[in-house]
Amino acid sequence: MDAVTPRQLAATVRACGLYPPAAAAAAEAAVADLTDLSVAADHLFAAGLLTDFQHKKIRAGRADDVFFGPYLILDKIGEGGMGKVYRAVQA
């Protein structure tokens, strides 16, 4: 995946449908002019629009870990010897 921009992240969060449209739209507008994805993640996390898992991944420079094809990864549920299980929503 290409580098994720703050605008793309906010649009994906809005499109997933998990959050009130007004809150998602306000957060999207707040990060629209930002270029630093970590700062945008801080804003979205403070607004309650990113999970702790997503926030930590983005702050660690691993934004691609919160996307899997058309899915937005919300949290890691667990892992075992053969794989990992994530909670996700189709965005």
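A few notes on this one:
- Within the range 56-75, the set of residues being without any contact (Cβ under 8 Å) to a residue 24 or more places away in the chain, open to solvent by 30 Å² or more (accessible area, probe 1.4 Å) and touching a Lys or Arg at 6+ places or on another chain (Cβ under 9 Å) comprises 56, 62, 65.
- Residues of the range 7-50 that turn out to be under 14 Å from residue 66 (Cβ atoms) and among the aromatic types (Phe, Trp, Tyr), as a count: 1
- Scanning the range 46-54 turns up no residue that is within 24 Å of residue 85 (Cβ to Cβ), open to solvent by 60 Å² or more (accessible area, probe 1.4 Å) and either basic (Lys, Arg) or at pLDDT below 90 (or both).
- Here the condition is being open to solvent by less than 40 Å² (accessible area, probe 1.4 Å), over 10 Å from the mean Cα position of the chain (by Cα) and closer than 16 Å to residue 74 by Cα; of 41, 24, it holds for 24 alone.
- For first residues located in the range 41-55 and farther than 16 Å from residue 5 by Cα, partners that are open to solvent by 60 Å² or more (accessible area, probe 1.4 Å) and lie 6+ apart or on another chain with Cβ distances below 7 Å form the pairs 53/76.
- Of all the criteria given as (1) in contact (Cβ under 8 Å) with a residue 40 or more places away in the chain; (2) aliphatic (A, V, I, L, M); (3) buried (at least 17 other Cβ atoms within 10 Å of the Cβ), the one not satisfied by residue 15 is (3).
- Failed condition for residue 90, given (1) open to solvent by 30 Å² or more (accessible area, probe 1.4 Å); (2) among the polar types (S, T, N, Q); (3) farther than 16 Å from residue 16 by Cα: (3)
- Contact annotation: residue pairs with Cβ atoms under 7 Å, 6 or more positions apart or on different chains, pairing a residue in the range 76-91 that is of a type in the set (Phe, Trp, Tyr) with a partner that is part of a strand (DSSP E or B) and open to solvent by 90 Å² or more (accessible area, probe 1.4 Å), are 86/77.
The values are calculated or read from the model by the stated rules, or taken from the named source; none is laboratory data. Only a predicted model underlies this, so the values are computations on that prediction, with no experimental measurement involved. Please note: Cβ atoms are built from the backbone with ideal geometry, for glycine as well, and neighbour counts cover all protein chains shown. Accessible surface is based on the protein model in full, side chains and every heavy atom, while ligands, DNA and RNA are left aside. Shrake-Rupley method; radii C 1.70, N 1.55, O 1.52, S 1.80 Å.
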